[in-house]
Amino acid sequence: MDKSTIDDILKRLRLLEAELETEIDRVLNEKRALFRYTLTKGKVQFESGIRKLQKHHRTGVLHYLLNAHLGHLFTAPIIYSVIVPIALLDLMGSFYQHTCFRVYGIPRVVRSKYIIIDRQHLVYLNFIEKLNCIYCGYSNGVIEYVREIAAKTEQYWCPIKHAQRSPEPHRHMNNFIDYGDAEAYRMRFKAIRKEIRDKG
């Protein structure tokens, strides 16, 4: 498969991704209507009476704990101990991009687009389930956020594809220079840097 074929597939893939985003938005709007809530400036608002209806599906904390799998209870401290490196990663990622990206001229990654914490507003979740959801939303959001910071850094400093493709490369990787193409590296390096500065 030559480069023009790959470029053609990537172009079609971008069109399909845009179509997928439109379809996801349509389905989300249907779900919002079905479950009777709106989303305004990131704030969820349920219709009157819906929260009361949802409350009937909540499991009490004591019942939840008494019926929990013993393995889940024993591993909970391990899961929650990971908050320390995740919070540190969040702090260091933010510090890094707010200093280095300014020097490099790269637009900063908007943290709030990646770290979404909203499941705790669901009244059918008990306190422990809400806490779990806050933790998962934060942890996975931080990893997505820092991944995007790292991806932009890689495009700025080392925009070369790997000899072996990883299972889920970041979105910037498709624009990178082929592994082993020394001529293209020297010719395109500055243009790729400019692209990350201009488009982010």
Residue 115, sole failed condition from (1) within 18 Å of the chain's Cα centre (by Cα); (2) assigned to a helix (DSSP H, G or I); (3) farther than 30 Å from residue 9 by Cβ: (2)
Under 8 Å between Cβ atoms, which residue pairs at least 6 apart in sequence (or on different chains) link something in the range 99-128 that is closer than 20 Å to residue 143 by Cβ with a partner that is part of a loop (DSSP other than H, G, I, E, B) and among the hydrophobic types (A, V, I, L, M, F, W, C)? 119/125
Within the range 92-112, the residues that are surrounded by fewer than 12 Cβ atoms within 10 Å (Cβ to Cβ) and over 20 Å from the mean Cα position of the chain (by Cα) are 99, 102, 103
Going through (1) in contact with a strand residue (DSSP E or B) (Cβ under 8 Å, 6 or more places away or on another chain); (2) of a type outside the set (A, V, I, L, M); (3) within 30 Å of residue 173 (Cα to Cα) one by one, residue 8 fails only at (1)
Within the range 27-41, residues in contact (Cβ under 8 Å) with a residue 12 or more places away in the chain and assigned to a loop (DSSP other than H, G, I, E, B) come out as 35, 36
Can you say whether residue 171 is in contact with an Asp or Glu (Cβ under 9 Å, 6 or more places away or on another chain) and at pLDDT below 90, as far as the supplied structure shows? yes
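The values are calculated or read from the model by the stated rules, or taken from the named source; none is laboratory data. Everything quoted here is computed from the prediction, not taken from an experiment. For neighbour counting, all protein chains shown are included, and Cβ atoms are generated from backbone atoms with ideal geometry for every residue, glycine included.
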